[in-house]
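To keep things clear, I will list the structure first and then write my remarks on it.
The values are calculated or read from the model by the stated rules, or taken from the named source; none is laboratory data. Keep in mind that what you see is a predicted model, and the values were worked out from it rather than measured. So basically every Cβ, Gly included, is an ideal-geometry build from the backbone, and we count neighbours across all protein chains shown. Note: areas computed on protein heavy atoms with side chains; ligands, DNA, RNA excluded. Shrake-Rupley method; radii C 1.70, N 1.55, O 1.52, S 1.80 Å.
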Amino acid sequence: MVKLVTATNEALSFLDNLIKAHGPVLLYQSGGCCDGSAPMCYIEGDFRIGEADKLLGMIGDTPFYMHVSQYEYWKHTQLIIDAVPGRGAEFSLDSIEDTHFIMESRVFTDEEYEIVKNQR
């Protein structure tokens with residue numbers, strides 16, 4: 001199995017701190033409107049997941065979603081969630097912190113992409 005989304009140790013540690021402070025959360029990859037294309041963090045229940053949202057995987061015990069139309073642009077890549085100094089996107093829970101999530105990516109190898117296509 002090839003993971004569509006993964007996270008750095010820094011992101012996992014930051015996510016654990018947010019969960020300890022706020023309870024269960026979810027991550028949603030922003031489509032680039034108001035706050036660019038930042039991973040957005042919401043308290044579970046504060047953001048409605050729709051039928052057109054795709055669960056890409058879990059970051060620890062936290063689900064990570066993306067709209068299916070945006071996934072078409074990213075389907076050839078593995079998303080890597082990291083946490084870096086600075087405030088997060090305005091509508092995201094990390095906007096009140098001194099650390100925020102960012103997304104990096106790497107292109108799948110041909111072999112990995114074949115596996116990903118069969119996982120869908």
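State the extension gain, in nm to one decimal, for the chain segment bounded by Ile80 and Ala21, taking 0.36 nm per residue of separation less the distance between their alpha-carbons.
Values: separation 59, 0.36 × 59 = 21.24 nm, distance 2.35 nm.
Extending this stretch completely gives an extra 18.9 nm.
Per residue, how much accessible area does segment 45-120 show when a 1.4 Å probe rolls over the protein heavy atoms, in square angstrom? Please list the in-between numbers first.
Numbers: 4630 Å² over 76 residues.
Per-residue accessible area for segment 45-120 comes out at 61 Å².
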Looking at the square roots a ≥ b ≥ c of the eigenvalues of the Cα gyration tensor of segment 68-110, which shape do they give, rounded for a/c under 1.5, prolate if a/b is larger than b/c, or oblate? oblate
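Taking the Cα centre of the chain as origin and charging only Cβ (+1 Lys, Arg; -1 Asp, Glu), how large is the dipole, in debye to the nearest 20? Walk me through the numbers before you get to the answer.
Numbers: 9 positive and 19 negative charges, 49 e Å.
Roughly 240 debye, rounded to the nearest 20.
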Which shape class, rounded, prolate or oblate, goes with the chain when its Cα gyration tensor gives a ≥ b ≥ c as root eigenvalues, a/c under 1.5 marks rounded, and past that a/b bigger than b/c marks prolate? prolate
Reachable aspartates and glutamates from Lys3, criterion Cα separation under 15 angstrom, eight or more residues apart if same chain: Asp61, Glu104, Asp110, Glu111, Glu112, Glu114
Under 15 Å from a label point 7 Å along Cα→Cβ of Asp46: give me every residue in segment 81-120 with its amide N that close. 88-101
Fraction of accessible area attributable to carbon and sulfur, the chain (%, probe 1.4 Å): 50
